[in-house]
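So the structure is just underneath, and the comments pick up after that.
The values are calculated or read from the model by the stated rules, or taken from the named source; none is laboratory data. Since this is a predicted model, take the numbers as computed values, not measurements. Here the Cβ positions follow ideal geometry from the backbone for every residue, glycine too, while neighbour counts run over all protein chains shown. For accessibility, only protein heavy atoms count, side chains too; no ligands or nucleic acids. Shrake-Rupley method; radii C 1.70, N 1.55, O 1.52, S 1.80 Å.
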Amino acid sequence: MNISMKWLSEYVLAPQDMDVFCDAMTMSGTKVERAETSGKDIELVVLGEILSIEAHPDAERLVVTQVNVGSETIQVVTGAKNVSVGDYIPVALHGASLAGDLKIKKGKLRGVESNGMMCSVEELGLSREDFPEAPENGIYLFDKEELKTKGYSLGDDVKPLFGLDDTVVEYEITSNRADCFSVLGVAREVAATFDRELKMPNIGFKEVSGNIQEMVKISVEADDLCYRYLGKIVKNVKVEPSPKWFQEKIRSAGLRPINNIVDITNFVMLETGQPMHAFDLEKVGGAEIIVRRAKAGEVMKTLDETERVLDESMLVIADKNRATGIAGVMGGEDSKITAETTTILFEAANFNGTNIRHTSKKLGLRSDSSSRFEKHLDPNLVEFAMHRACALIDELNAGQIVEGQIDIYPNPRTERKLSYDVAAINQILGTELSEQEMTDIFRRLTFQVDMESKTVIIPTYRADIEGMADLAEEVARIYGYNEIPTTISSKNPTVGHKTISQKAEDMVISTLLALGANEAVEYSFESPKVFEKLRLPQDHPYRRAMVILNPLGEDFSMMRTSMLNGILTSLSTNYNRRNSDVTLFEIGRVYLPTALPVDNSDKNAEMPTEKNCLVVGHYGKKDFFDMKGMAETLAIALGETFSYQPSAHSFFHPNRQADIICADKRVGYLGEIHPLVADNYEIGAKPYVLMLDLDAVVDHINLSKKYEPIPKYPAVSRDLALLVKEDVLAGEIEGVFAEESGKLLEKAELFDLYQGEQIEKGYKSMAYALKLRAKDHTLTENEINQVLDRILRKLDTTFGIRLRD
């Protein structure tokens, strides 16, 4: 927010040193982004009077003038056609600086000496929009009578005459301080910070007789969105340009002056923070104002001459026939103020800030009014702003204010009373302030203090003050954060630690990096086209994706339900850049729809279930078993045991894929990407992918490490060549080994798999090497045979497995 120091000084005396001012305001909570002095590049431009004009001896288009600049008379050669003897003009002297880094030096023009230059507004960095009275392509001419009234003399610096002697400060106002989005709000902060007197603006005005109840009817139908509506009428209005001083203030805040009535509403908004609107009452159908919800599909043209299509969630200001304004956002073209306007209805209201923001976003229409209303303004500000606008009508002689007002305010906001505890606040801050020092700070903040009951009454515009901690913060920022002594904490410090999920994630990353993989980061937004690239069936659960309401484009229009597309896209990029052997992994989230509504406004909307997943992809020298080995290594690092079952994923090769099982639960899958899918991603090599649901895996991990002494007794190895049916899995056989051998089994390794002519049809030969060891003695042959007998019996009875002949 930009505020003129000249305007601010009308309400509070601020320090002249801008560095001191900006630092103090930032430290007290009103952060200064920057301070810029207007006209700082304009130097040695003074007020001059043309004494004579003569033709140039060698140039028809030039004239030679004598100009009185106060201390001397100088000769200036100019080509300007709009100057006359006796005119008061801005003159750039020898050595002057103008806008655009233009330097003025004495010299000769067609053989005649010129000691300066007459200036237009453009040469001072201004425009005819700033000064409509300035001639087009001519020298700016001052009003002599106005100069005499203001006490200016020849030779005086002209910057104040153009409003170029002001400093505009840009503040960063936090959203919880709606009261500071105004000149008066910042002035209050300045007064509190520097302990200065705050001068409030004049809100007195004269009224003429009349019956406002007969002139206009106002009703509020949507009282849940409009908390207060105040209307007041001004008749015999004279619509004309605002005075220069008034326009300068409007411009200093970055707004464009329009006419005196519209400028008053903008002035009041900038000064008090309360947006206002003025209706041409003769254009209000039936002389009736109705605050209601818009009708579905209702259309109205706003002041920017754009037709807006409204819906039932939006609040409008309507007359008997149509909507005439979007509440809190922008007025309507049909009831705007024009030169023919003679009677106006001033509106000052308080609307639901959340509704205003939603309306503004839906329409793509953000205004100075909406940006203030969405901060949740104080409804008690409405009447003050209305009276200030009426006072300005009086001051500018812009019309006659009709006595009385219509004020619909069913639930007035009352001041909040809070107790304060000096000792508690000192303990929070680490200070030793006395009660008198503390209550003086409260009074500087315009809080009413009762020292007997130890309470303060908080003004309604400070809705952010809710308890003792807020009072302590107010004391701290006004007392000065840099004044609070450094102390050692009296509390025992806590030691932070990572969650089990974070530790597991760290372990996964370090393990994969050690295995030679590189980490990748993919987009969470994807295109619906990825479903076809992955050959997913129409009923596949991955197709149930969350759709983005306002996507950047179709390629980023939904939340990913799988990380396959991202990793395959990265593998494709690497393959097409001729990287021959690549292993990548990513840990990220997938977003799966649920039936949980986002909010009450949209019952059909859903919040996604977010799952933390791992995807690993490689191609090149590695194959399916390398990928399975990575899964096994991860299982060991996490203290898990993985087993594998056949799977039927459409994006994998039908005979080279498996589901990963952990604690009897499917937690992922791995396999070779289907050749057609690989072609879709333009990957010429065989890509392999591993996917793990880390959230599911974390439920069973064991990161604690247990160390055991080196065995004292020897191990015994036995080989088993088994004749196994084709549909029996290795994992099932290994489960029997572990179950029947108890703690004696140290390792079971499949070292041979054979199917061929020597094996009967429907069977396969699987050869295992078993390593057995007891911790407390050397195993006997009898013990070994007992274990092997148990294993073979269980394999035979469960799976029909027997020893191969």
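Inspection of the stretch 559-572 identifies no residue that is open to solvent by 70 Å² or more (accessible area, probe 1.4 Å) and assigned to a strand (DSSP E or B). Does SER313 qualify as being surrounded by 14 or more Cβ atoms within 10 Å (Cβ to Cβ), within 28 Å of the chain's Cα centre (by Cα) and part of a loop (DSSP other than H, G, I, E, B)? Taking the combined requirement at face value, the residue satisfies it.
Looking at MET200, MET215, just one residue is surrounded by fewer than 19 Cβ atoms within 10 Å (Cβ to Cβ) and closer than 30 Å to THR26 by Cα, and that residue is MET200. Consider the stretch 54-64 and keep the residues that are part of a strand (DSSP E or B) and in contact (Cβ under 8 Å) with a residue 40 or more places away in the chain. The one that is most open to solvent (accessible area, probe 1.4 Å) is LEU62. Looking across the stretch 475-511 at every residue that is basic (Lys, Arg) and touching a residue at least 24 places away in the same chain (Cβ under 8 Å), the one that is farthest from VAL186 (Cα to Cα) is identified as LYS503.
Open to solvent by 20 Å² or more (accessible area, probe 1.4 Å), touching a Leu at 6+ places or on another chain (Cβ under 7 Å) and in contact (Cβ under 8 Å) with a residue 12 or more places away in the chain: which single residue out of ALA685, ALA663, ALA715 fits that description? Working first, answer last.
On the way: ALA685 fails: touching a Leu at 6+ places or on another chain (Cβ under 7 Å); ALA663 fails: touching a Leu at 6+ places or on another chain (Cβ under 7 Å).
Going through ALA685, ALA663, ALA715 in turn, the sole match is ALA715.
Among the residues of the stretch 357-374, those that are within 17 Å of the chain's Cα centre (by Cα) and surrounded by 20 or more Cβ atoms within 10 Å (Cβ to Cβ) comprise SER360, SER370, ARG372, GLU374.
Being more than 30 Å from GLU271 (Cα to Cα), open to solvent by 50 Å² or more (accessible area, probe 1.4 Å) and outside any loop (DSSP other than H, G, I, E, B): is that true of LEU51 here? In short, yes.
Here the stretch 631-644 is the region considered, the condition is being open to solvent by less than 10 Å² (accessible area, probe 1.4 Å) and in a helix (DSSP H, G or I), and the residue that is nearest to ASP664 (Cα to Cα) is ALA635. Among the residues of the stretch 684-714, those identified as closer than 28 Å to MET630 by Cβ, modelled with pLDDT of 90 or more and of a type outside the set (Val, Ile, Thr) are GLY684, ALA685, LYS686, PRO687, TYR688, LEU690, MET691, LEU692, ASP693, LEU694, ASP695, ALA696. Could you tell me whether SER704 is touching a residue at least 60 places away in the same chain (Cβ under 8 Å), out of contact with any strand residue (DSSP E or B) (no Cβ under 6 Å at 6 or more places or on another chain) and small (Gly, Ala, Ser)? Judged against the criteria, SER704 is a match.
Looking only at the stretch 157-183, residues that are open to solvent by less than 30 Å² (accessible area, probe 1.4 Å) and closer than 19 Å to ASP17 by Cα come to 5 in all.
The single residue among ILE337, ILE264 that is in contact (Cβ under 8 Å) with a residue 24 or more places away in the chain and either among the aromatic types (Phe, Trp, Tyr) or closer than 24 Å to VAL220 by Cα (or both) turns out to be ILE337. Every listed requirement among (1) in a loop (DSSP other than H, G, I, E, B); (2) in contact with an Asp or Glu (Cβ under 9 Å, 6 or more places away or on another chain); (3) surrounded by 19 or more Cβ atoms within 10 Å (Cβ to Cβ) is met by PRO379 save one, (2).
Beta carbons closer than 7 Å, at least 6 apart along the sequence or on distinct chains, pair a first residue in the stretch 350-368 that is farther than 20 Å from ALA296 by Cα and touching a residue at least 12 places away in the same chain (Cβ under 8 Å) with a second that is open to solvent by 70 Å² or more (accessible area, probe 1.4 Å) and in a loop (DSSP other than H, G, I, E, B) for GLY353/HIS376.
Looking at the structure I just gave you, is LEU154 modelled with pLDDT of 95 or more and farther than 17 Å from ILE406 by Cβ? The answer is no for LEU154. The requirement of being over 26 Å from PHE21 (Cβ atoms), modelled with pLDDT under 95 and surrounded by 12 or more Cβ atoms within 10 Å (Cβ to Cβ) is satisfied by LYS503. Taken as a whole, the condition of being part of a helix (DSSP H, G or I), touching a residue at least 12 places away in the same chain (Cβ under 8 Å), of a type outside the set (D, E, K, R) and in contact with a strand residue (DSSP E or B) (Cβ under 9 Å, 6 or more places away or on another chain) applies to PHE737.
Within the stretch 282-308, track down each residue that is assigned to a strand (DSSP E or B) and surrounded by fewer than 13 Cβ atoms within 10 Å (Cβ to Cβ). Reasoning before the result, please.
First, the residues of the stretch 282-308 that are assigned to a strand (DSSP E or B): 288-293, 299-302, 307-308.
Within the stretch 282-308, VAL299, GLU307 qualify.
Kindly check whether there is at least one residue in the stretch 88-108 that is at pLDDT 90 or above, closer than 11 Å to GLY48 by Cβ and open to solvent by 20 Å² or more (accessible area, probe 1.4 Å). Looking through the stretch 88-108, at least one residue is at pLDDT 90 or above, closer than 11 Å to GLY48 by Cβ and open to solvent by 20 Å² or more (accessible area, probe 1.4 Å).
Considering only residues that are under 58 Å from the mean Cα position of the chain (by Cα) and open to solvent by 40 Å² or more (accessible area, probe 1.4 Å), which ones fall in the stretch 718-730? Please lay out each step first, then the result.
Going residue by residue through the stretch 718-730, those that are under 58 Å from the mean Cα position of the chain (by Cα) are 727-730.
Those that are under 58 Å from the mean Cα position of the chain (by Cα) and open to solvent by 40 Å² or more (accessible area, probe 1.4 Å): ASP727, LEU729.
What number of residues within the stretch 417-462 satisfy the criterion of being of a type in the set (A, V, I, L, M, F, W, C), in contact with a Ser or Thr (Cβ under 7 Å, 6 or more places away or on another chain) and within 20 Å of CYS180 (Cβ to Cβ)? Reasoning before the result, please.
Here is the first cut: in the stretch 417-462, the ones of a type in the set (A, V, I, L, M, F, W, C) are 418, 422-425, 428-429, 433, 438, 441-442, 445, 447, 449, 451, 456-458.
In the following step, the residues that additionally are in contact with a Ser or Thr (Cβ under 7 Å, 6 or more places away or on another chain) were identified as 418, 449, 451.
Filter once more, keeping what is within 20 Å of CYS180 (Cβ to Cβ): none.
Residues flagged as of a type in the set (A, V, I, L, M, F, W, C), in contact with a Ser or Thr (Cβ under 7 Å, 6 or more places away or on another chain) and within 20 Å of CYS180 (Cβ to Cβ) within the stretch 417-462 amount to 0.
If the condition is being polar (S, T, N, Q) and either within 25 Å of ASN350 (Cβ to Cβ) or assigned to a strand (DSSP E or B) (or both), then the stretch 383-404 contributes only GLN400.
Annotation: of all residues in the stretch 34-48 being part of a strand (DSSP E or B) and small (Gly, Ala, Ser), the one that is farthest from VAL20 (Cα to Cα) is GLY48. Restricting the first member to the stretch 1-30 and to residues that are under 21 Å from SER252 (Cβ atoms) and open to solvent by 10 Å² or more (accessible area, probe 1.4 Å), and the second to residues that are among the small types (Gly, Ala, Ser) and assigned to a loop (DSSP other than H, G, I, E, B), the beta-carbon pairs closer than 7 Å and six or more apart or on different chains are ASN2/ALA253; ASN2/GLY254; MET5/ALA14. Look through the stretch 218-266, keep the residues that are hydrophobic (A, V, I, L, M, F, W, C) and open to solvent by 40 Å² or more (accessible area, probe 1.4 Å), and return whichever of them is modelled with the lowest pLDDT. Selected residue: TRP245.
In the stretch 442-475, the qualifying residues are those that are part of a helix (DSSP H, G or I) and among the small types (Gly, Ala, Ser), and the one that is most open to solvent (accessible area, probe 1.4 Å) is ALA469.
When you check ASP693 against the structure, is it buried (at least 16 other Cβ atoms within 10 Å of the Cβ) and of a type in the set (Asp, Glu), yes or no?
Considered against the rule, which asks whether it is buried (at least 16 other Cβ atoms within 10 Å of the Cβ) and of a type in the set (Asp, Glu), ASP693 comes out as yes.
Could you list, in sequence order, all residues of the stretch 334-356 that are in a helix (DSSP H, G or I) and open to solvent by 60 Å² or more (accessible area, probe 1.4 Å)? Give the steps one after another, and end with the answer.
Initial filter on the stretch 334-356 (in a helix (DSSP H, G or I)): 334-335, 353-356.
Those that are in a helix (DSSP H, G or I) and open to solvent by 60 Å² or more (accessible area, probe 1.4 Å): ASP334, THR354.
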